[in-house]
1. Checking Arg348 against (1) surrounded by fewer than 18 Cβ atoms within 10 Å (Cβ to Cβ); (2) within 25 Å of Ser21 (Cα to Cα), only one condition comes out false. Which one?
2. Between a residue in the range 98-119 that is under 15 Å from Asn29 (Cβ atoms) and acidic (Asp, Glu) and any residue that is modelled with pLDDT of 95 or more and surrounded by fewer than 21 Cβ atoms within 10 Å (Cβ to Cβ), which pairs come within a Cβ distance under 7 Å, given they are 6 or more apart or on different chains?
3. Return the residues of the range 186-204 that are over 15 Å from Tyr244 (Cβ atoms) and either loosely packed, with under 15 Cβ neighbours inside 10 Å or over 18 Å from the mean Cα position of the chain (by Cα) (or both); say none if nothing qualifies.
4. Could you give me the residue pairs with C-beta distances under 7 Å whose first residue belongs to the range 208-232 and is farther than 30 Å from Ile73 by Cβ, whose second residue is at pLDDT 95 or above and more than 16 Å from the ligand (Cβ to nearest atom) wherever it lies, and which are 6+ apart or on separate chains?
5. Being basic (Lys, Arg) and out of contact with any strand residue (DSSP E or B) (no Cβ under 7 Å at 6 or more places or on another chain) is the filter; apply it to the range 190-238 and report the residue that is farthest from Trp114 (Cα to Cα).
6. Which numbered condition in (1) surrounded by fewer than 17 Cβ atoms within 10 Å (Cβ to Cβ); (2) modelled with pLDDT of 95 or more; (3) in contact with a helix residue (DSSP H, G or I) (Cβ under 9 Å, 6 or more places away or on another chain) is the only one that Pro207 fails?
7. Looking only at residues in the range 152-185 that are touching a strand residue (DSSP E or B) at 6+ places or on another chain (Cβ under 9 Å) and in contact (Cβ under 8 Å) with a residue 60 or more places away in the chain, which one is surrounded by the most Cβ atoms within 10 Å (Cβ to Cβ)?
8. Give me the pairs: first residue in the range 372-394 and closer than 19 Å to Arg294 by Cβ, second residue among the basic types (Lys, Arg), beta-carbon distance under 8 Å, and six or more apart or on different chains, which are they?
Amino acid sequence: MTEPETKIVLPKGFLIGAATSAHQVEGNNTNNDWWHAEQAGKVPKSGQATDHYHKYEEDFTIAQDIGLNAFRISIAWSRIEPQEGQWDNQEVEHYRKVLQSMKAHGLTRMVTLWHFAMPQWLADKGGFESSHAIEAFARYAAFVAQNLGDEIDLWCTVNEPELYAGMGYNKGKWPPFKHSVFGTLVVIKNIIQAHKKAYKAIKQVRPEAKIGVAKNSVYYEPYRRNNILDQIIVWVSNTFGNHYFLERIVHELDFIGINYYFYNLMSFSLPDGVREMNFNFLKNRPEDKPEVMRSDMGWRTYPKGLYHVLLDLKKFNKPIYITENGIANARDDMRKDFIREHLRWVARAIRGGADVRGYFYWSLIDNYEWADGYGPLFGLVEINRETLERKVRPSAEVIKEIEIQK
Ligand code: IFM
């Protein structure tokens with residue numbers, strides 16, 4: 001798998017970090033829609049997660065020790081604003097300590113304001129299906145800017161908006177478990193507005209803030225390279241899957257964050273009766289490229305796809321961060337190559353003119369993988385689920401192989 005060329009060299013100032021999100025690592029986030037769905041038995045229970053809420057110092061020490069110079073967390077909106085318009089100053093102080101600890105450990109701080117789990121009061125009011133959420137999100141963003149903004153280096157407003165909308169409103173696998181194409185589109189439209197308003201609200205308080213999104217991005221390829229219909233499907237997928245959201249917010253965006261996990265071979269198939277157009281995501285093809293790695297979740301990852309995605313984003317003329325990229329790999333036998341190969345293609349994309357400023361591996365530590373519970377293990381650090389003891393995996397050594405120019 002590893003190519004003969006050895007050293008991966010990235011430009012001065014490049015960030016190498018790991019990413020987490022509040023609900024997945026903190027534990028006992030009881031005041032949001034996920035927790036409620038968990039108690040109702042609709043998804044696995046998160047419980048104390050990794051207890052990062054109390055063990056953050058230990059986690060940032062590990063992050064520093066393994067060679068990371070950046071870290072991405074999310075703030076639990078439901079902790080900061082437990083009821084609409086009521087702010088919890090103790091939680092603000094908690095996050096201040098968390099952010100100061102990150103800095104003390106030499107970690108550049110990227111903060112996501114909202115990563116999937118939504119305050120219960122807002123879920124009760126219809127979440128992002130209602131335009132009320134747009135105002136609520138902007139107000140929350142302004143509050144964070146006023147109260148914690150001096151401790152935040154890079155901001156992500158939202159995480160993987162279309163994935164969130166698809167899983168919760170179309171596939172019905174995540175709260176609020178709906179099946180509505182129309183609802184999905186409304187949610188995406190409202191999140192676009194929420195990002196724009198939040199961007200302006202943060203800038204009013206902190207004009208110097210660097211604000212982006214963490215956008216799910218997929219590399220699409222035609223299954224039959226010379227087939228015009230497959231090429232059209234790739235174009236449609238790119239336009240709506242990768243570009244649409246970014247194009248809508250391009251004037252309210254200081255950088256693009258991309259979460260890269262997937263590579264899809266697309267082929268056109270005839271309409272399935274009169275019911276629907278059937279876009280086939282062809283998997284498990286014998287024609288799989290030799291470089292494709294399969295994670296424990298069956299996801300196919302293709303490092304070179306990241307290169308194509310990065311070059312494609314050049315047209316936006318913005319700095320780019322890879323805000324997530326990771327593999328579920330319990331045996332830890334693919335993770336090193338996974339990271340190496342992705343970073344090798346990042347370095348090539350930079351040489352090809354893409355303004356990539358950082359890479360955040362998902363995740364520092366094994367955590368709550370939403371509807372998949374504690375099954376998939378993404379961490380550079382494994383956790384004993386009984387004792388919550390942390391143990392660095394051998395693959396984490398790869399971080400120190402990477403050279404960042406002085
Ligand atoms: O765990 C998730 C994260 O919350 C969002 N991006 C993908 C990760 C792995 O599935």
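The values are calculated or read from the model by the stated rules, or taken from the named source; none is laboratory data. Predicted model, so just to flag it, every value in this text is computed and none were measured. Here Cβ is always computed from backbone atoms with ideal geometry, including for glycine, and neighbour counts include all displayed protein chains.
1. (2)
2. none
3. Residues satisfying the conditions are Lys197, Ala198, Tyr199, Lys200, Ala201, Ile202, Lys203, Gln204.
4. If the second residue must be at pLDDT 95 or above and more than 16 Å from the ligand (Cβ to nearest atom), the pairs left are Tyr220/Asn238.
5. Checked the range 190-238; the qualifying residue farthest from Trp114 (Cα to Cα) is Arg225.
6. (3)
7. Applying the first criterion (touching a strand residue (DSSP E or B) at 6+ places or on another chain (Cβ under 9 Å)) to the range 152-185 yields 152-164, 175.
Subset that is in contact (Cβ under 8 Å) with a residue 60 or more places away in the chain: 154, 156, 159-162, 175.
Numbers: Leu154: 25, Cys156: 25, Asn159: 24, Glu160: 22, Pro161: 24, Glu162: 19, Pro175: 27.
Taking the candidates together, the pick is Pro175.
8. Every condition considered, the pairs that remain are Gly379/Arg393; Arg393/Arg335.
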